[in-house]
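Since the structure comes first, as structure tokens, the remarks are kept for the end.
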Amino acid sequence: MSSATKPSVGYLTIWVWLIVLLGVGVALLAAPVSKTLAVTLIFTVASVKAFLVLRHYMHVRHQPLMIYVIIGVPVLLAIALTLVLIPDIAFR
Amino acid sequence: MSSVAIAEHGDAESREFTAQPLGRIGVWWFLASEIMVFGGLIGSYILSRVAAGGWAAERAHVNTRIAIINTIVLVTSSFTIVKAHAAAEADNRGQARRFMLLTVILGCMFLCFKGYEYSIEIEHGFTPATSLFWSFYYTMTGLHGLHVLIGIIINLSLFLLAGGAAWPRIKHRVEYAGLYWHFVDVVWIFLFPLLYLA
């Protein structure tokens, strides 16, 4: 592996974190909190897992700005598309 | 791009103006289009679910236990493919091939578990025609499964090619296969809570 993409945290450590976070996400189902809070936390945990894969396994942090733009634009579009339509669905 | 980098990636796949191998940029562009495919599908699911009031009754019939096992399998395969990438970068062909084969096996395990899960659900009468939830469920997990199958074919092809004289020419493609495989993992990371937990 080139020095530019040498992992600062071991791949095995990241795998352990992903498994631990999976456990946390599943455990939140039984947590004594409101449904809304549980769902929010479950998706927060999922986002952290995705971030770990992107950062440490896909080496996104070593990519140039161009890659962030290529990936960031469709992500923002997909989120925006959903968000702008939610009021039409929820408050019909 | 340095002459060393060009030698590694081949003239046809490297250009000065990007300072990045074109193959890598091509994979990222492809993943961007995939984000729109899955993003549109997930967005439609969320909107339909909000409109339908939650689908709590339907969601109670999905098999969370098998999905948890499958998540562990897929996350582990992400670990094995990144190890294959690291081994390929270090020019350790034997280790790269071993990890690629492990990734293929784990991918096949994922599909087997998914197939078993489908069989249980269909046996209980939950087919794509049962309701909108099940239609979304089969579409999203089916499309994801198709991506896993394509990933398996790519990794298996690389595993076989890496055993021959083509290795110096194709070793950097392990990274591209890895990017695709990790993307498939990230999609599942969001499908799992959407369909099984939330």
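The values are calculated or read from the model by the stated rules, or taken from the named source; none is laboratory data. These numbers were taken from a predicted model, which means no experiment stands behind them. Methodologically, a virtual Cβ is constructed for each residue, glycine included, from the backbone with ideal geometry; neighbour enumeration extends over all protein chains shown.
The C-beta contact set for the range B:59-74 (first residue farther than 16 Å from B:PHE126 by Cα, second residue of a type in the set (Val, Ile, Thr), distance under 7 angstrom, 6+ apart or interchain) comprises B:ILE68/A:VAL26; B:ILE72/A:ILE19. When B:GLY94, B:GLY125 are screened for being farther than 20 Å from B:LEU149 by Cα and assigned to a helix (DSSP H, G or I), only B:GLY94 passes.
Considering only the range B:88-123, how many residues are β-branched (Val, Ile, Thr) and farther than 13 Å from B:ALA162 by Cβ? I'd like the intermediate steps shown before the answer.
Looking only at the range B:88-123, we keep the residues that are β-branched (Val, Ile, Thr), and these are B:103-105, B:120, B:122.
Pick out the ones that are also farther than 13 Å from B:ALA162 by Cβ and you get B:105, B:120, B:122.
Going through the range B:88-123 one residue at a time, the tally reaches 3.
Which residue is modelled with the highest pLDDT, if the candidates are limited to the range A:65-92 and must be at the interface with chain B (Cβ under 8 Å from one of its Cβ atoms) and surrounded by fewer than 12 Cβ atoms within 10 Å (Cβ to Cβ)? Among them, the one singled out is A:ALA90.
Taken as a whole, the structure places A:ALA80 among residues that are part of a helix (DSSP H, G or I) and not assigned by TED's automatic domain parsing to the domain that holds A:VAL16.
Could you tell me whether B:ALA90 is over 22 Å from B:LEU194 (Cβ atoms) and surrounded by fewer than 18 Cβ atoms within 10 Å (Cβ to Cβ)? Yes. Scanning the range A:34-53 for residues that are more than 7 Å from chain B (Cβ to nearest Cβ) and among the aliphatic types (A, V, I, L, M) yields a count of 6. Close Cβ contacts (under 7 Å, 6 or more residues apart or on different chains) running from residues in the range A:9-28 that are under 13 Å from A:THR44 (Cα atoms) to residues that are small (Gly, Ala, Ser) and assigned to a helix (DSSP H, G or I) comprise A:GLY25/A:ALA46; A:LEU28/A:ALA38. Restricting attention to the range B:152-194, the residues that are within 14 Å of another protein chain (Cβ to nearest Cβ) and either in a helix (DSSP H, G or I) or among the hydrophobic types (A, V, I, L, M, F, W, C) (or both) total 21. In the range B:4-20 there is no residue that is modelled with pLDDT of 95 or more and surrounded by 18 or more Cβ atoms within 10 Å (Cβ to Cβ).
Within the range A:54-64, if we keep just the residues that are surrounded by 13 or more Cβ atoms within 10 Å (Cβ to Cβ) and either free of Cβ contacts under 8 Å to residues at least 24 places away in the same chain or more than 20 Å from B:VAL27 (Cβ to Cβ) (or both), the residue that is nearest to the other protein chains (Cβ to nearest Cβ) turns out to be A:MET58. One residue stands out among those in the range B:63-121 that are out of contact with any helix residue (DSSP H, G or I) (no Cβ under 7 Å at 6 or more places or on another chain) and among the β-branched types (Val, Ile, Thr): the one that is farthest from B:VAL186 (Cα to Cα), which is B:ILE120.
For every residue, the table says whether it meets (1) part of a loop (DSSP other than H, G, I, E, B); (2) facing chain A (nearest Cβ under 7 Å).
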| site | (1), (2) |
| --- | --- |
| B:GLY40 | no, yes |
| B:SER44 | no, no |
| B:SER48 | no, no |
| B:GLU58 | no, no |
| B:HIS61 | yes, no |
| B:ASN70 | no, no |
| B:SER77 | no, no |
| B:VAL82 | no, yes |
